[in-house]
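**Q** Pasting a structure below so you can have a look.
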Amino acid sequence: SHIPEMCLGSDWDKAAYVLSVYVNERSVSRLPTCFFKGALIFGQAPAHAVHGSPCIVTADPLTTPLTDEGYQAIVKQSDPQKVAAFMYRVVVEQLNSTVSDESQLASLASNPPMSMYDLTSLLNESSWVCDADSPTCLPRPSEAPLSDQGFQQILAQGNETGIAVFALRVIDHFGGQVMDADSFNTTIQSVTSLKELVAVLEQRPPWALWKPEAVCAIQEDPGLAESMAVALTVEYACLHMHVFNCSNIPPQCSEDLWDAADYALSVYALEHGFDALPTCYFKGTLIFARIRADSSKCIVSGDPHTTPLTDEGYQAVLVQQSESKSAIFLRRVVSEYLGAAIVDDGAGLAALAAEPPDSMFDLLALLRAAAWLCLRSADVGAECADGAYGVDLSKPADDIFADLSWRDWGFVALGALVVVTVL
């Protein structure tokens with residue numbers, strides 16, 4: 001009876017909501033059985049889609065439904081930052097308001113009320129929650145959302161300094177630094193909406209210094225206002241993929257929306273000649289067009305040491321047509337993905353790196369059937385015997401290649417020559 005109205009229109013949405021609430025309440029991954037009343041049933045909710053199903057309760061404050069069940073899923077983690085992010089969404093999305101003092105929100109997040117009902121009541125009574133039409137509650141230009149709504153609230157204050165502070169945040173988002181204050185002030189006095197300001201900045205006016213590598217990049221430790229843009233970032237990227245379906249973002253990158261953004265943006269770049277998103281403005285809000293720092297575990301790149309062990313990561317390595325890089329990636333798949341060991345002198349790995357299959361699916365099929373591997377898990381074939389490892393997987397891939405005999409190299413080269421000749 002507590003299923004929200006937005007999830008009542010479809011039996012699938014009802015099931016997704018109930019199952020996700022069940023696993024969150026009981027801290028399990030699925031129902032204890034898939035058989036009920038003589039029929040097979042579903043035991044877990046669908047994987048969290050990055051478009052953000054409003055009917056899947058998750059541990060991510062940026063995507064979980066704004067319901068009591070969603071609230072409890074966040075509060076139970078005892079993480080004030082996550083609670084603050086959820087509360088911020090309630091203010092912006094549910095109350096159509098803004099936060100004038102984020103320190104007050106942080107204080108509330110450190111001691112959250114018991115229920116969503118109590119939270120909503122407290123926020124409605126808080127002096128630091130600003131209704132769009134409030135004449136007295138004024139959002140701070142340094143914290144207002146980088147959206148049309150945020151800009152209009154700052155503009156309505158009629159404070160030139162406040163408008164300038166907000167505009168400088170927008171310029172910084174576009175990777176700019178003001179060099180001519182007079183021209184900057186003249187420009188911002190003429191704009192009446194965030195959309196107009198964005199149109200000006202997209203022309204890269206000469207009164208600022210522009211850093212292409214910093215345009216709309218996700219910053220480290222973004223604030224609450226910036227966190228609201230990440231969901232729209234993922235939505236835009238996923239709507240403009242050529243091939244990739246964002247429902248296939250791997251689980252380790254879909255539980256946190258910032259990780260999902262890294263994955264989606266890097267796959268978008270892979271599909272579009274390694275270009276960033278063509279815009280930083282979507283649905284009235286500034287979004288991100290570039291990934292975070294390379295330390296993220298969810299960035300698809302050409303680096304075989306770090307790219308995710310997914311088909312997208314595989315394609316990013318494959319497209320470089322480098323045997324050594326392919327070997328590094330394959331070695332990671334063997335060790336990290338399959339938990340396997342190499343039992344020959346490395347010739348099998350080298351031959352596969354020289355002629356890799358077209359997809360991760362085909363690669364895994366070949367590796368699971370490879371006679372030169374033994375697996376430490378029940379996933380594949382032969383069981384590893386003590387001391388059976390012919391190749392040390394901790395060694396760099398280049399060293400593995402160096403260990404091969406010249407006869408083996410000649411065989412690999414001959415095979416490659418035949419392929420080239422036929423082509």
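**Q** Counting only protein heavy atoms and using a 1.4 Å probe, what share of the accessible area of segment 134-204 belongs to carbon plus sulfur, as a whole percent? It would help to have the intermediate numbers written out before the result.
**A** Numbers: 1760 of 3490 Å².
Carbon with sulfur: 50 percent of the solvent-accessible area.
**Q** A follow-up question, please. If DNA, RNA and ligands are ignored and the probe is 1.4 Å, what is the ranking of 266, 324 by accessible area, most exposed first? It would help to have the intermediate numbers written out before the result.
**A** Numbers: 266 5, 324 45 Å².
I get 324, 266, largest accessible area first.
**Q** With only alpha-carbon atoms in the gyration tensor, what are the semi-axes of the equivalent ellipsoid for segment 84-221, in Å, largest first? Intermediate values should be presented prior to the final figure.
**A** Details: eigenvalues 200, 56, 25 Å².
Values for segment 84-221, descending: 32, 17, 11 Å.
**Q** Note the direction-averaged projected area, equal to a quarter of the hull surface, for the Cα convex hull of segment 249-327, in nm².
**A** On the way: hull surface 21.9 nm².
Convex hull of Cα atoms, orientation-averaged projection: 5.5 nm².
**Q** Mind checking segment 190-299 for GluC sites (Glu not before Pro) that DSSP puts in a loop (not H, G, I, E or B) and that have at most 10 other Cβ atoms within 10 Å?
**A** Working: sites: 196, 202, 213, 220, 226, 235, 255, 271; in loops: 202, 220, 255.
Those satisfying the criteria are 220.
**Q** Hey, another quick one. Residues in segment 59-82 near a label at residue 1, defined as backbone nitrogen under 20 Å from the 7 Å Cα→Cβ point?
**A** Correct set: 67-70.
**Q** Hey, if we sort 274, 86, 361 by accessible area with the 1.4 Å probe, largest down, what's the order?
**A** Working: 274 130, 86 0, 361 160 Å².
Largest accessible area first, the residues go 361, 274, 86.
**Q** Separate question: To the nearest 20 Debye, how big is the dipole of segment 222-299 about its Cα centre, given +1 on the beta carbon of each Lys and Arg and -1 on that of each Asp and Glu? Don't skip to the end; give the middle numbers.
**A** Working: 4 positive and 9 negative charges, 25 e Å.
Roughly 120 debye for segment 222-299.
**Q** Right, something else. Given q = 0.26 Å⁻¹, what are the Debye log10 I(q)/I(0) values for segment 276-369, with equal point scatterers placed on the Cα positions and solvent ignored?
**A** Listed by q, the Debye log ratios stand at -1.40.
**Q** Follow-up question, since we're still on this one. Computed over the Cα atoms, what is the radius of gyration of segment 1-149 divided by 2.2 N^0.38 Å, N being its residue count? Walk me through the numbers before you get to the answer.
**A** Numbers: Rg = 17.5 Å, N = 149, 2.2 N^0.38 = 14.7 Å.
Working it through for segment 1-149, the quotient is 1.19.
**Q** Still on this model: How would segment 161-208 be classified by its alpha-carbon gyration tensor: rounded, prolate or oblate, with rounded meaning a/c under 1.5 and the a/b versus b/c comparison settling the rest?
**A** On the way: a/c = 1.21, a/b = 1.06, b/c = 1.15.
Because its axes are fairly even, with a/c under 1.5, segment 161-208 counts as rounded.
**Q** Show me, for segment 325-332, the HN-Hα J-couplings you get by feeding each phi into the Karplus relation (A = 6.51, B = -1.76, C = 1.60, θ = phi - 60°), rounded to Hz, glycine and proline as x.
**A** 5, 4, 5, 4, 5, 4, 4, 5
**Q** Would you mind getting the accessible area per residue of segment 149-234, heavy atoms of the protein chains only, 1.4 Å probe, in Å²? Write down the numbers at each step before the final one.
**A** Numbers: 4130 Å² over 86 residues.
For segment 149-234, the solvent-accessible area averages 48 Å² per residue.
**Q** For the pair residue 12 and residue 359, what calculated FRET efficiency results from E = 1/(1 + (r/R0)^6), where r is the Cβ-Cβ distance and R0 = 25 Å, to the nearest 0.05?
**A** Working: r = 29 Å, r/R0 = 1.18.
The formula returns an efficiency of 0.25 here.
**Q** Give me the log10 of I(q) over I(0) for segment 61-132 at q = 0.17, 0.22, 0.25 Å⁻¹, as the Debye formula computes it from C-alpha points; what are the numbers?
**A** -0.52, -0.90, -1.20
**Q** Can you tell me the dipole magnitude for segment 187-345 around its Cα centre, using point charges on the Cβ only (Lys, Arg +1; Asp, Glu -1), in Debye to the nearest 20? Kindly include the intermediate steps, with their values, before the conclusion.
**A** On the way: 10 positive and 21 negative charges, 97 e Å.
That gives a dipole near 460 debye.
**Q** Sticking with this structure for a sec: Which FRET efficiency, nearest 0.05, do residue 180 and residue 322 yield, Cβ-Cβ r, R0 41 Å?
**A** Values: r = 46 Å, r/R0 = 1.13.
Working from the Cβ atoms, E equals 0.35.
**Q** May I pose another question? With respect to the cross-link table entries 82/297; 283/325; 76/195; 76/211; 37/297; 211/283, which display a Cα-Cα separation exceeding 32 Å? Before the final figure, lay out the partial values.
**A** Working: 82/297 20 Å; 283/325 40 Å; 76/195 39 Å; 76/211 42 Å; 37/297 43 Å; 211/283 25 Å.
Listed pairs above 32 Å: 283/325; 76/195; 76/211; 37/297.
The values are calculated or read from the model by the stated rules, or taken from the named source; none is laboratory data. These numbers come from a predicted model, not from an experiment. No Cβ is skipped: glycine too gets one built from the backbone with ideal geometry, and neighbour counts run over all protein chains shown. Just so you know, the surface numbers come from the protein's heavy atoms only, side chains and all, with ligands and any DNA or RNA stripped out. Shrake-Rupley method; radii C 1.70, N 1.55, O 1.52, S 1.80 Å.
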